[in-house]
1. May I ask you to say which residue of A123, A105 is modelled with pLDDT of 80 or more, part of a helix (DSSP H, G or I), among the hydrophobic types (A, V, I, L, M, F, W, C) and over 20 Å from L18 (Cα atoms)?
2. Answer yes if at least one residue in segment 454-468 is of a type outside the set (D, E, K, R), within 29 Å of R397 (Cα to Cα) and not in a loop (DSSP other than H, G, I, E, B), and no otherwise.
3. Confirm whether I147 is of a type in the set (V, I, T), touching a residue at least 40 places away in the same chain (Cβ under 8 Å) and out of contact with any Phe, Trp or Tyr (no Cβ under 6 Å at 6 or more places or on another chain).
4. Does at least one position in segment 487-508 carry a residue that is over 23 Å from T334 (Cα atoms), part of a loop (DSSP other than H, G, I, E, B) and touching a Ser or Thr at 6+ places or on another chain (Cβ under 8 Å)?
5. Working only within segment 101-127, note down all residues that are open to solvent by 50 Å² or more (accessible area, probe 1.4 Å) and more than 31 Å from the chain's Cα centre (by Cα).
6. Looking only at residues that are within 17 Å of Y184 (Cα to Cα), in a strand (DSSP E or B) and open to solvent by 20 Å² or more (accessible area, probe 1.4 Å) in segment 221-239, which one is modelled with the lowest pLDDT?
7. When only residues in segment 369-392 that are part of a loop (DSSP other than H, G, I, E, B) and crowded, with 21+ Cβ neighbours inside 10 Å count, which is modelled with the lowest pLDDT?
8. Sort out which residues of segment 522-542 are touching a residue at least 60 places away in the same chain (Cβ under 8 Å) and outside any strand (DSSP E or B), and write them in order of number.
Amino acid sequence: MARSNDEVAALFYEYADLISITGGDAYKSRVYEKAARSIGGYHAEVDKLDAKGLQEIPNVGKSIADKVIEYFQGGSVSAVDELRAKIPAGVRRLTAIPTLGPKKALTLYEELGISSVDELADAIHQERLRDLKGFGPKTEENILHGIALLQSSGDRVLLDAAMDLADDIVAALSEVTGCRRCTYAGSLRRFRETVGDIDVLAAAGRSGSLMDAFTRLPYVSEVIAHGEKKTSVRTTKGLAVDLRVVPPDSWGAALQYFTGSKAHNIRTRELAVHQGLKLSEYGLFDAETGEKIVSETEEDVYARLGLPWIAPTLREDRGEIEAGLRDELPELVTEQDIRGDLHTHTDLTDGLAPLPEMVAAAAERGYAYYAVTDHGPNLYMQRMTDERMLAQREQVRELDGAYGKRGRRGGMRLLHGAELNIDPDGAVDWPQEFLAGFDLCVASVHSHFNQGRDALTRRIVRACENPYVNIIGHPTTRILGKRPGVDADLDAVFAACARTGTALEINAHPDRLDLRDEDILRAKRYGVKFAIDSDAHATLHLANMRYGVGTAQRGWLTGDDVINTWTEARLRRFLRKGRSARRSTAA
């Protein structure tokens, strides 16, 4: 179930958009955006806080705290409702299109009467936008791309939203008398980046009590179907959830079947047919006699088909069947393999928590090392200076080793780094003399996303060639459902990373999951190494590592492919070796 913080954050993000659409004060809009981000990342549930407690949240003052209290007392905020009433529903629908800002949406409505996505697409194809100030062929192209992005996402939700709900449901049903086993299946178990609906599977001798308990969960808004084997509901957030209950002795076959994917299941059924067997959600049967052969565990089912157990994240028919038959499946990286996080932020720039809190939270996760990488000065809104960064370095050195570390004597080691901005020409924030003082540098594209393909490619490749850039952060810059990835020649980037010893990030934030799994598979073939990072801006965000690991698994990565599974000594050699190798290349 979604945290109360997420509800309020969504409300204030909407309020910020409404202020922009109506031509309100830009500063006020930014205030509510900052408050939304702070509330979303705050560790305590905001519906449990009083006014004083709310005002302890960064960027939350009395007026905003009053609105939070108003929301939980009455279910709405009058100031938000008043702005909603001023704006036609069609304009708000248009603002859901990635790349289309609120002001342009209002112009389209006022000038052309456009109030739906379909009407906007038709108007573009009829070239009706070109007479409007600020709308040209390139704008039309970007809007069409945004429409395609919106339509492709459909009613799907981000992985973390689905996972939070599924975890709650599984925990609740597991407590029901008679429930022998319960877990989620489907695309969620395969860690797809977005989820259309949630499949929950339970094993029990009788299904009645489980089905009844399922329909009575507090976040169920509608019971679509209520049956003995399957019950379907819709939640208050609009997400559909199916519960299937199977006999305990069919658990393995059912879990394999309902995990999918469809393409993977077709391949496993083909293997069964070739062996005179029949595979279904109830078990693996002799095709002639109907005798059940195996069904209790997934391992039994796969073994009888001549396969090792195949991790759910690989079940996409991308060669996992063939690799299994050859006994060549990779030993996938796991969250337990991760020794540290190499891309995180503090309140020195756009993070929410001070350095000691972020370090303490990382230590609680059992990390052996942890990197702090606040933004460089070329992101001007972050107000970074040399002096501020050097002062933080001193603080990092003081805290180094002060917190516990998994598996070794002494404290968790701290690395002082920076997230550099890759400028339009490929340069980064500081000269090499200053960069030499960092333990590592992440470099990311944060602006000028619409450069031409060749320019974008040269820009990222030049950053790879910088002897002090160790990791390319969120390499395609995408934000799921909101911003497409940049149009760069990724194969050229992958080749440059392999040549220069630059790691590619798998950004674990559920809004990004960048690189995506298909790109990871391609980059791995070039010999690229990867860093799975949380890009945490709050202590809670450190837990997003699980989504980055799931994405890495979908890209067939092993622990050896991921630099932050390595020992500290090996990691530091990689960081130094990369620099020395690139220096000699440049010479």
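1. Working: A105 fails: over 20 Å from L18 (Cα atoms).
Every option except A123 fails the conditions.
2. To start, the set of residues in segment 454-468 that are of a type outside the set (D, E, K, R) comprises 455-457, 460-461, 463-464, 466-468.
Still in the list and also within 29 Å of R397 (Cα to Cα): 463-464, 466-468.
Subset that is not in a loop (DSSP other than H, G, I, E, B): 463-464.
Yes: one or more hits.
3. Numbers: of a type in the set (V, I, T): yes; touching a residue at least 40 places away in the same chain (Cβ under 8 Å): yes; out of contact with any Phe, Trp or Tyr (no Cβ under 6 Å at 6 or more places or on another chain): yes.
Considered against the rule, which asks whether it is of a type in the set (V, I, T), touching a residue at least 40 places away in the same chain (Cβ under 8 Å) and out of contact with any Phe, Trp or Tyr (no Cβ under 6 Å at 6 or more places or on another chain), I147 comes out as yes.
4. yes
5. Quick first cut of segment 101-127, residues open to solvent by 50 Å² or more (accessible area, probe 1.4 Å) only: 103-104, 109-111, 118-119, 122, 125-127.
Hits for segment 101-127 are Y109, E110, E111, E119, D122, H125, Q126, E127.
6. Residues of segment 221-239 that are within 17 Å of Y184 (Cα to Cα), as a first pass: 229-235, 239.
Checking which are in a strand (DSSP E or B) leaves us with 230-235.
With open to solvent by 20 Å² or more (accessible area, probe 1.4 Å) added as a condition, the list becomes 230, 234.
Numbers: K230: 95, R234: 90.
Selected residue: R234.
7. So the first thing to find is which residues in segment 369-392 are part of a loop (DSSP other than H, G, I, E, B), and the list is 376-379, 383-385.
Subset that is crowded, with 21+ Cβ neighbours inside 10 Å: 376, 384.
Details: G376: 94, M384: 88.
That would be M384.
8. Kept after step one, since they are touching a residue at least 60 places away in the same chain (Cβ under 8 Å), are these residues of segment 522-542: 531-542.
Listed by number, the residues that qualify are S534, D535, H537, A538, T539, L540, H541, L542.
The values are calculated or read from the model by the stated rules, or taken from the named source; none is laboratory data. In this text, all values refer to a predicted model and were calculated from it rather than measured experimentally. All Cβ positions, even for glycine, are placed from backbone atoms using ideal geometry, and neighbour counts span all protein chains on display. In case anyone asks, the SASA skips ligands and DNA or RNA and just uses the protein heavy atoms, side chains included. Shrake-Rupley method; radii C 1.70, N 1.55, O 1.52, S 1.80 Å.
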